[in-house]
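Novice: The structure's right below; bear with me while I get my questions together.
The numbers here are math on the coordinates, done by the rules we state, and not lab data. On a predicted model such as this, the values are computed, not experimentally measured, just so you know. Cβ sites come from the backbone with ideal geometry, for glycine too, and all protein chains shown count toward neighbours.
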Amino acid sequence: MLEPRLGHPNIGLGLGLRTVHYQHILQHEPKVDWFEIISENYMDTEGRPRYVLEQIAERYPIVMHGVSMSIGSTDPLDFDYLQKLKQLAATVGALWVSDHICWTGVASLNAHDLLPLPYNEATLKHTIERVRIVQDVLERSLVLENPSSYVTFADSTMSESEFVNRLAVETGCGLLLDVNNVYVSSVNHDFDPVEYLESMPHKNVVQFHLAGHTNLGTHCIDTHDGHVIDPVWELYRLAHRLTGGVSTLLEWDVKIPEFPVVHAEVLKAKQFIGAETESTESQKPGFLEKPGFSTAEDAAATITVPHPAAYVVAEAE
Amino acid sequence: MSETPRELGQIQQWMQAVIMHPDGVVVGIESAAAQTHIDVSVNDIEQIITRSQTQDSIERLQVYGNAYFARLVEVLRDEFPALQHAIGEEAFDGFAFGYLQAYPSRSYTLADLSRNFSQYLRETRPPSDAEESEPDWIEFLIELAALERTYSEVFSGPGPEGGDHLKPGELQAIPPERWADATLVPMPCLRLMQFGFPVHEYATAVRQAGDPHPPDPQETNLVIGRREFVVRRKAVSHVEFEMLSAIVDGLALGDAIERVLDRTDVEFETLAADIGEWFKTWAAAQFFRAVEVSEPDWENGR
């Protein structure tokens, strides 16, 4: 019988580690429960980011979150990449290693985007095989995140929630349930986010993600550039109740404010996990609200780019 | 659901061709690169991509198509602030857009994205004026790109922090009779670069939020290294540059001096007088990891 969170601990409320906050964290040692790193930003570097990471890893639990595994691609798995991932996880004592249910490129190219899969039996079989290989290489359960997506395929024969559910159950992988992504995709693909959360294999859920997104009126884009909106918090309340509570992380990747602002945002989660037994029923209409047009003008001024763009700028004289 | 399920690889190849097309997804769908994998017209796109209640299939694909170039151009803007300052945002984006088509990413890391950027600029530059002896404006831009790429590589690569580096006293401790056989081991991050413009000054001014004017041509010999995790650059004379080049090529100090005397018009006495000062500077800048002397009994006899 599966243990909750596949046996992983609930390590509380964490933040994505970003270079702009290095100095604050090292100087003030804020009371953050844990940090999540973008794996690719630390795998090949021997510069300051790696040095800072090793210091932070001595003081805080670290979890690794990647954007380049391309678990759903039909290109061969990159075993060199996997070995580097494994080595970094060992070096920093990562509690778990996650990536996304997506593909990032084929024919040896990399779009550096989290591209969606058609959800059908063939894709499921293909992805299951690759998850098993990755887990063998890493010698640990992989944790996979539901992506935000902007298209659906005519070749899909099952819902995303069914695909994610079966992938997790058949491989024993963990799930990083991104509550904001559930909301974004539910708006974009006209599904009920509550049903999605209710259908997950809750004991496989190891971690939650929270983030801000951009509402363009006709659709939402997962931009990680602002506060978590109320309907996402309400989904988080539900997800917490369904899972019994798992480690929760806030991502903020664009227009990143001062550290205390980001920290305060994740601490808001306490309001929702402390009162999770309050009726979520009364909040349900909020989940299903369609995006309004109030923010569209702002957002449409430039091309709105979905997460991720994980690049560390050099420090030079 | 289509009548005949398509292969996953077929869908991925098609989607990649569509969203990476420089003229947008509509042209991408009709392109040979996409049609090779799935022969579908724009009008029949719902056979592949379904519509939502608020967006049609093309609008949905455009989210990915628009993001592909925008995201990667943004990465290049971050990495090349001086080049962007020199040519302006619009022109920079144009170069970046062309580059991404010529050299799409083949790496899992964005740190590799710009690996060929300066080479691309050189490959696509208009011919220079053959009668003009000095490097032109375009050469300045190419050099800026090469410098900023090098900064990225030095920043991310192995550096002197936390390890041994050559101290001034270690050189002075070498007995005079063995000095000519000594070799200096460079730090892996040490780079020697020659430019036709003082690009380092321009790049530094931009990074310090200045608004520099493009400089006049000037032979510039740069030594680039890293200290305390920050990329450092130092302009040196032609002779000092030649000496460093010889050392980095693995020559013992005696042979390095001979090569410098051969290749430059410096007098031996002048060179000998300068070397002592250079060593102090190089040691302080942590250009070298260690000094090695070829005699097998050197370490024990020290």
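Novice: So which residue, out of B:126, B:188, B:81, gets the largest mean-square fluctuation from a GNM of chain B using Cα contacts under 10 Å as springs?
Specialist: Comparing B:126, B:188, B:81 in a Gaussian network model of chain B, the most mobile one is B:126.
Novice: Springs between alpha-carbon atoms under 10 Å, Gaussian network over chain B: tell me which of B:150, B:124, B:220 tops the mean-square fluctuations.
Specialist: Result: B:124 has the largest fluctuation of those listed.
Novice: Ok, one more. Shape verdict for region A:65-140, please, from the Cα gyration tensor: rounded (a/c under 1.5), prolate (a/b greater than b/c) or oblate.
Specialist: The shape class here is prolate.
Novice: Rounded, prolate or oblate, given the Cα gyration tensor of region A:101-203, with a/c below 1.5 counting as rounded?
Specialist: It comes out oblate by the Cα gyration axes.
Novice: Using alpha carbons only, how many angstrom separate the centre of region A:1-55 from the centre of region A:76-145?
Specialist: Each part reduced to its Cα centre gives a spacing of 20 Å.
Novice: Now for a different question. Which listed residue (B:96, B:293, A:247) has the Cα farthest towards the positive end of the charge dipole for the protein assembly as shown, taking +1 on Lys and Arg C-beta and -1 on Asp and Glu C-beta about the Cα centre?
Specialist: Result: A:247, furthest along the dipole toward the positive end.
Novice: If you place +1 on the Cβ of every Lys and Arg and -1 on the Cβ of every Asp and Glu, how big does the dipole about the Cα centre of chain A come out, in debye to the nearest 20?
Specialist: 620
Novice: Here's a follow-up. Using only the alpha-carbon atoms, how far is helix B:89-102 inclined from the longest principal axis of chain B? Give it as 0 to 90 degrees, nearest 10.
Specialist: Between helix and principal axis, roughly 80 degrees.
Novice: Using only the alpha-carbon atoms of region A:3-50, report the extent along each of the three principal axes, biggest first, to the nearest angstrom.
Specialist: Largest to smallest, the principal-axis extents are 39, 27, 12 Å.
Novice: Right, another one. Pulled fully out, how much extra length does the chain show between residue B:265 and residue B:10, if you take 0.36 nm times their separation in residues and subtract their Cα-Cα distance?
Specialist: Gain in length upon complete extension: 85.4 nm.
Novice: If you wrap a convex hull around the alpha carbons of chain B, what volume per residue comes out, as a whole number of Å³?
Specialist: Expressed per residue, the convex hull around the Cα atoms of chain B is 208 Å³.
Novice: DSSP beta bridges in the protein assembly as shown, what fraction antiparallel, as a percent rounded to 5?
Specialist: Counting DSSP beta bridges with both partners in the protein assembly as shown, the antiparallel share is about 45 percent.
Novice: Consider just the alpha-carbon atoms of chain A and return their Rg together with their Dmax, both in angstrom.
Specialist: 18.5, 57
Novice: I've got another one for you. Restrict the search to region B:208-274; then list the chymotrypsin sites (Phe, Trp or Tyr not before Pro) that DSSP places in a loop and that have at most 16 other Cβ atoms within 10 Å of their Cβ.
Specialist: none
Novice: Right, something else. Give the Debye-formula value of log10 I(q)/I(0) at each listed q (0.09, 0.13 Å⁻¹), with one equal scatterer per alpha carbon of the protein assembly as shown, two decimals each.
Specialist: Each listed q maps to, in turn, -0.80, -1.38.
Novice: Taking square-rooted eigenvalues a ≥ b ≥ c of the alpha carbon gyration tensor, is region B:187-302 rounded, prolate or oblate, where a/c under 1.5 means rounded and, failing that, a/b exceeding b/c means prolate?
Specialist: Because a/c hits 1.5 or more and a/b fails to exceed b/c, region B:187-302 counts as oblate.
Novice: Give the Debye-formula value of log10 I(q)/I(0) at each listed q (0.11, 0.18 Å⁻¹), with one equal scatterer per alpha carbon of region A:1-134, two decimals each.
Specialist: -0.47, -1.07
Novice: Also: Counting only trypsin sites (Lys or Arg not before Pro) that sit in a DSSP loop (anything but H, G, I, E, B) with at most 10 other Cβ atoms within 10 Å, what is the longest stretch of chain A containing none of them?
Specialist: Value returned for the longest uninterrupted segment is A:32-254.
Novice: When chain A is modelled as a GNM with alpha-carbon springs shorter than 10 Å, which of A:200, A:64, A:43 fluctuates the most?
Specialist: A:43
Novice: Which order results if A:39, B:294, B:107 are arranged by neighbouring Cβ count within 10 Å, fewest first?
Specialist: The most exposed by this proxy come first: B:294, B:107, A:39.
Novice: A follow-up question, please. About the Cα centre of the protein assembly as shown, how large is the charge dipole given +1 on each Lys and Arg Cβ and -1 on each Asp and Glu Cβ? Please answer in debye to the nearest 20.
Specialist: Rounded to the nearest 20 debye, it is 1940 debye.
Novice: May I pose another question? I'd like to know how region B:1-64 sits against the 2.2 N^0.38 Å rule of thumb: what's its Cα Rg over that expected value?
Specialist: Relative to the rule-of-thumb radius for its length, region B:1-64 sits at 1.02.
Novice: At q = 0.10, 0.15 Å⁻¹, what log₁₀ I(q)/I(0) does a Debye calculation on the Cα points of region B:39-167 give, no solvent, two decimals?
Specialist: -0.50, -0.83
Novice: Hey, another quick one. If I histogram all Cα-Cα distances within region B:173-224 using bins 10 Å wide from 0, what percent of pairs lands in each bin?
Specialist: The distribution over region B:173-224 is 20, 30, 25, 15, 10, 0, given as percents.
Novice: Further, regarding this structure: Let me spell out the model: positive unit charges on the Cβ of Lys and Arg, negative unit charges on the Cβ of Asp and Glu, origin at the Cα centre of chain B. What dipole size does that give, in debye rounded to 20?
Specialist: About 1120 debye.
Novice: In whole angstrom, note down how far apart the Cα centers of region B:84-109 and region B:168-222 are.
Specialist: If you average the Cα positions of each part, the centres end up 28 Å apart.
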